[in-house]
Amino acid sequence: MTADKERIILFYERRGAAVWLAHLDMMRLFERSLARADWPLSWTEDAFNPRPELVFALPVGLGIETRRDPLEVTLALDGQALDPDRALLCLNHSFPAGVRVVDWKEGKAGSQSLMARVTAARYRLEAEGIGAAFRQTFAGGPVEVVRQQKKKRTVVDLAPRILSFEEDGEDRVSFTAGAGSSGHLRLDLLLDALVLHGGLNRNAAQGARLVRLFVFLDGEPA
Amino acid sequence: MNRFEQPSYRALLRGVRKPARYTGGELHAVDKSDSFFNYDPDRRVHFALCFPDLYEIGMSNLAIQILYAILNRDSHTFCERCFAPDFDMRARLRENRLALTSLETGTALADFDMVGMSLHYELAYTAVLEMLDLGGIPLFSSLRSQEDPIVIAGGPIACNLEPMAPFFDAILLGEGEEALPEIVDALKRKKREGQTRQEFLASIAAITGVYIPSFYEVDYLEDGRVGRIAPVHAAAPPRIEKRLVADLNKAAVPLRPLVPNIELVHDRMVMEVLRGCARGCRFCQAGFAYRPLRERDRDTLVETAGHLIRNTGYEEMGLLSLSTTDYSQLENLVRALLPMTEPRHINLSLPSLRLDAFDFELAKEIARTRRAGLTFAPEAGTQRLRDVVNKNITEEDMMEAARSAFLNGWDRLKLYFMLGLPTETDQDVEGIIVLVRKLIALWDDLPRESRSKRLRVTVSSSYFIPKPFTPFQWSKQITVEEMAAKQEQLAHGLRDRRVSFSWNAFESAELEAVLSRGDRRLAAVIHQAWEAGSYLDAWYEHFDASRWQAALELIPGGASFYTRARPLEEIFPWDHLHVGVTKEFLRGEWEKSGRGETSPSCYDCCSVCGCQDYGAGLCPGGGTRDSG
């Protein structure tokens, strides 16, 4: 890659202790890891608080593992060439425990933000009895849960946000759900729905393993 | 299966705020599980380094970074960390009968060989008890069995831990870089040789800086004051000498510090440039206790900076000390650092700048990346009171510095004051208001084009607390009612839309004064307050004065026994400890303060405070003066 500014999309996984970081923590983690790996980052023009140009396709919720979540990095190459394999080797070496870039591809120049291109995401949930709970909850008809924000209380119907699901034994379900700027499925609301409507044990819900396997960009698995 | 794969652990983390406080996994965190537990148990030491406050506070502290790195250098020592759980996690641990565990491997505190508490403020005492209790360790040293860990404490307030004496097996007075590895080596010897706890404590009593509280007995007079402190064990020296690292350049610096994933109080790489202080402000315990003043070599600091930048990825770098503008090579250092920090968008920040050495060219260079506010700490509002305190800043200095700052674009001013200083009158408090108004008038009088648009002034006031090993250790503390009156006077006088005024809570200032000059009888008070639910007392929202008031009924005279003025002949609970400054010197300074007389700094001439006996740093023969 040679040009003045170039975009690269990184696909990252997070496991172990890193799963328990909030989205802002992950942004900070990537900024520092990229700095340690000496990546030639492009910085925003803000006079008071310039930041490296990083865009996550989706915010990553606390307690959710990822396997290949996209993250777009804008580089300021200034005519220099970047060897992606070597740069990635350095980057993977500089992460704290639990985070790793598993793949990459060249980003698209200009216009559309990575976030706007997200349409859906594929997940896997593991918890005792989750198969039956999912089946019962998404048997047909609306699935309503209350979303309590600080001063706002909304009722959300999750049914249209589950696009497909498969059971894999009693304690594991894989499913595709809406994600991104509209129709996004929040996993915390999903767990509430499974407890409320599907008879999932509350403790099992609290201890569930949540994995985002991949994201759909422009309707295709990325 | 590691703990992250267990549903019960996930459920625990999901139920609390900021679960990453408890998980570890940070960059440069050490995990020796693969090798360490295969070693002969008698040839290894498992050490829990604890800070009795939340993760975000403890991880902002350089001591934790330094000791963690030093102990983990040895393959046969595994040092893990543990911090105080927040209320939500604490409740879950208790509900589910789970022990408090370490971050790296999730080991219960009771399963360690040694637990070290790093203590920086007295209001952390109840958190110490809570951590020990949650960790499964008996609170009282005398009740610990041969299987329980050795509990040791250290840090800046180790110069008087008498109120906590019954809870600690050992205390390290002074600096830990060399002493702690020596103590750990002694622990390995203890295990190999099958020593009992008592035999071990006797063996480490010989290490300079180590104080075994149980080896001393304290007798009290009828009125409650200390009558006598005497050793009751053959291994106990009559006086405990602090541990000093004479050449600061020999004190290890972590080049791969832990880089937390969550937001801390201070998110930055730090370099300690100086230790101790030459100014002799009469209220300051740290300044006296960490004498002699010692500098780090400039070239080494520049090299260290390079490592930190490469190894952390932080966007801010801090130069730490008690008075950074006193660093003799500051300008050279900053000029060498700026070419390293600026291209990487790293902000260089210098806290605790002393007003009279403020160099604007330097400050402007530093501020190019991101400008912070201008900070002055006059402490007192009148020259008379500043002289009493020996804080050598004049009004002319402040006005001149402020004027230059304003003309160079600074528009935020922060001022620190201390209320309740010895001999303070209403006029002195009024002096604060007058000074602030003068600074604002200075701004207003400058032509609009020559300065920024809007001035913001923050005035921060705390309450004077008499501290051991300072000239003011004989002083009284004013009452809570007097604090409230002064604060009201100040708040009223500072009413201006450009001024924001922040102050500390009175009752916790009173408690701090009680604990700071306290004796062993307070252990029962601390224990009762803890049993009644006191925890994380340093946090305003968690501090409950009524619990402490009730507990202080155990002591005739209560809080006022400890906040009273002390007669010159009084035996202090800390008299058997020695940090360098002599009682004679401090008494001389106390008497001078009563006459409003100042004393020179160590830069001007040696005041023979007692630390010259160490022959280190800035003291005559110490080397710094000659090379500076």
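The values are calculated or read from the model by the stated rules, or taken from the named source; none is laboratory data. In this text the structure is predicted, and so the values were computed from the model without any measurement. A quick note on method: Cβ atoms are made from the backbone with ideal geometry, for glycine too, and the neighbour counts reach across all protein chains shown. In case anyone asks, the SASA skips ligands and DNA or RNA and just uses the protein heavy atoms, side chains included. Shrake-Rupley method; radii C 1.70, N 1.55, O 1.52, S 1.80 Å.
Could you identify the single residue in A:Glu166, A:Glu170 that is more than 14 Å from chain B (Cβ to nearest Cβ), out of contact with any strand residue (DSSP E or B) (no Cβ under 8 Å at 6 or more places or on another chain) and surrounded by fewer than 17 Cβ atoms within 10 Å (Cβ to Cβ)? I'd like the intermediate steps shown before the answer.
Values: A:Glu166 fails: out of contact with any strand residue (DSSP E or B) (no Cβ under 8 Å at 6 or more places or on another chain).
Matching residue, one of A:Glu166, A:Glu170: A:Glu170.
Given the criteria open to solvent by 10 Å² or more (accessible area, probe 1.4 Å) and within 14 Å of another protein chain (Cβ to nearest Cβ), does B:Glu331 qualify? Before the answer, list the steps.
On the way: open to solvent by 10 Å² or more (accessible area, probe 1.4 Å): yes; within 14 Å of another protein chain (Cβ to nearest Cβ): no.
It is false that B:Glu331 is open to solvent by 10 Å² or more (accessible area, probe 1.4 Å) and within 14 Å of another protein chain (Cβ to nearest Cβ).
In this structure, does B:Ala29 turn out to be surrounded by 18 or more Cβ atoms within 10 Å (Cβ to Cβ), modelled with pLDDT of 95 or more and touching a His at 6+ places or on another chain (Cβ under 9 Å)? It would help to see each step written out before you state the result.
Working: surrounded by 18 or more Cβ atoms within 10 Å (Cβ to Cβ): yes; modelled with pLDDT of 95 or more: yes; touching a His at 6+ places or on another chain (Cβ under 9 Å): no.
No: the conditions fail for B:Ala29.
Would you mind telling me which numbered condition in (1) surrounded by fewer than 16 Cβ atoms within 10 Å (Cβ to Cβ); (2) out of contact with any strand residue (DSSP E or B) (no Cβ under 7 Å at 6 or more places or on another chain) B:Arg456 fails?
(2)
Hey, does the range B:256-264 have a residue that's away from chain A (no Cβ under 14 Å) and open to solvent by 30 Å² or more (accessible area, probe 1.4 Å)?
Filtering the range B:256-264 down to residues away from chain A (no Cβ under 14 Å) leaves none.
No, there is no match, as no residue in the range B:256-264 is away from chain A (no Cβ under 14 Å) and open to solvent by 30 Å² or more (accessible area, probe 1.4 Å).
Let's see how each residue does on (1) touching a Gly at 6+ places or on another chain (Cβ under 9 Å); (2) open to solvent by 10 Å² or more (accessible area, probe 1.4 Å):
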position	(1), (2)
A:Trp39	no, yes
A:Leu58	yes, no
A:Ala81	no, yes
A:Asp85	no, yes
A:Gly110	no, yes
A:Met115	yes, yes
A:Glu144	no, yes
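Within the range B:54-105, track down each residue that is in a strand (DSSP E or B) and either of a type in the set (Asp, Glu) or under 22 Å from B:Tyr125 (Cα atoms) (or both). Full working, then the answer.
Initial filter on the range B:54-105 (in a strand (DSSP E or B)): B:77-83, B:101.
Hits for the range B:54-105 are B:Glu80, B:Arg81, B:Cys82, B:Phe83, B:Thr101.
State yes or no: is A:Leu24 closer than 30 Å to A:Leu189 by Cα and either open to solvent by 30 Å² or more (accessible area, probe 1.4 Å) or in the same structural domain as A:Arg100 (by TED's automatic domain parsing) (or both)?
Values: closer than 30 Å to A:Leu189 by Cα: yes; either open to solvent by 30 Å² or more (accessible area, probe 1.4 Å) or in the same structural domain as A:Arg100 (by TED's automatic domain parsing) (or both): yes.
Spelling it out, A:Leu24 is indeed closer than 30 Å to A:Leu189 by Cα and either open to solvent by 30 Å² or more (accessible area, probe 1.4 Å) or in the same structural domain as A:Arg100 (by TED's automatic domain parsing) (or both).
Within the range B:77-86, can one find any residue that is away from chain A (no Cβ under 14 Å), among the basic types (Lys, Arg), in contact with a helix residue (DSSP H, G or I) (Cβ under 9 Å, 6 or more places away or on another chain) and within 25 Å of B:Asp148 (Cβ to Cβ)?
No, the range B:77-86 contains no residue that is away from chain A (no Cβ under 14 Å), among the basic types (Lys, Arg), in contact with a helix residue (DSSP H, G or I) (Cβ under 9 Å, 6 or more places away or on another chain) and within 25 Å of B:Asp148 (Cβ to Cβ).
Please tell me if B:Asp31 is more than 7 Å from every other protein chain (Cβ to nearest Cβ), within 30 Å of B:Gln195 (Cβ to Cβ) and touching a residue at least 12 places away in the same chain (Cβ under 8 Å).
Values: more than 7 Å from every other protein chain (Cβ to nearest Cβ): yes; within 30 Å of B:Gln195 (Cβ to Cβ): yes; touching a residue at least 12 places away in the same chain (Cβ under 8 Å): yes.
So B:Asp31 fits the description; yes.
Table: residues versus (1) of a type outside the set (A, V, I, L, M, F, W, C); (2) open to solvent by less than 60 Å² (accessible area, probe 1.4 Å); (3) touching a strand residue (DSSP E or B) at 6+ places or on another chain (Cβ under 6 Å).
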| residue | (1), (2), (3) |
| --- | --- |
| A:Arg36 | yes, yes, no |
| A:Val55 | no, yes, yes |
| A:Pro70 | yes, yes, yes |
| A:Ala139 | no, no, no |
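Which is free of Cβ contacts under 8 Å to residues at least 24 places away in the same chain, open to solvent by 20 Å² or more (accessible area, probe 1.4 Å) and of a type outside the set (Lys, Arg), of B:Glu222, B:Glu272, B:Glu241?
B:Glu222
Looking at B:Arg566, B:Arg547, which one is outside any loop (DSSP other than H, G, I, E, B) and surrounded by 14 or more Cβ atoms within 10 Å (Cβ to Cβ)? Don't jump to the end; show me each part of the working.
On the way: B:Arg566 fails: outside any loop (DSSP other than H, G, I, E, B).
Sole residue among the options that is outside any loop (DSSP other than H, G, I, E, B) and surrounded by 14 or more Cβ atoms within 10 Å (Cβ to Cβ): B:Arg547.
Sort out which residues of the range B:334-350 are buried (at least 19 other Cβ atoms within 10 Å of the Cβ) and more than 22 Å from A:Leu29 (Cα to Cα), and write them in order of number.
B:Val334, B:Leu337, B:Leu350
Only residues that are among the polar types (S, T, N, Q) and open to solvent by 40 Å² or more (accessible area, probe 1.4 Å): list them for the range B:310-328, please.
Narrowing the range B:310-328 to residues among the polar types (S, T, N, Q): B:311-312, B:321, B:323-325, B:328.
Once the filter is applied, which keeps residues that are among the polar types (S, T, N, Q) and open to solvent by 40 Å² or more (accessible area, probe 1.4 Å), the range B:310-328 yields only B:Ser328.
Would you point out which residue out of A:Asp46, A:Asp78, A:Asp85 is assigned to a loop (DSSP other than H, G, I, E, B) and without any contact (Cβ under 8 Å) to a residue 40 or more places away in the chain? Outline the logic, then answer.
Numbers: A:Asp78 fails: without any contact (Cβ under 8 Å) to a residue 40 or more places away in the chain; A:Asp85 fails: assigned to a loop (DSSP other than H, G, I, E, B).
It is A:Asp46.
Which of the residues that make up the range B:265-288 are within 12 Å of chain A (Cβ to nearest Cβ) and closer than 19 Å to B:Ile70 by Cβ?
First pass over the range B:265-288, keeping only residues within 12 Å of chain A (Cβ to nearest Cβ): B:267-269.
Residue satisfying the conditions is B:Met269 alone.
Can you find even one residue in the range B:232-241 that is in a helix (DSSP H, G or I) and not charged (D, E, K, R)?
The answer is no; no qualifying residue exists.
Here are some conditions: (1) modelled with pLDDT of 95 or more; (2) open to solvent by 10 Å² or more (accessible area, probe 1.4 Å); (3) within 29 Å of B:Arg192 (Cα to Cα); (4) not small (Gly, Ala, Ser). B:Arg14 meets all but one. Which one does it not meet?
(3)
Across the range A:85-114, what is the number of residues that are hydroxyl-bearing (Ser, Thr, Tyr) and away from chain B (no Cβ under 14 Å)?
Residues meeting the conditions: 2.
Go through the range B:480-529 and report how many residues are closer than 30 Å to B:Phe140 by Cβ and buried (at least 18 other Cβ atoms within 10 Å of the Cβ).
Qualifying residue count, the range B:480-529: 20.
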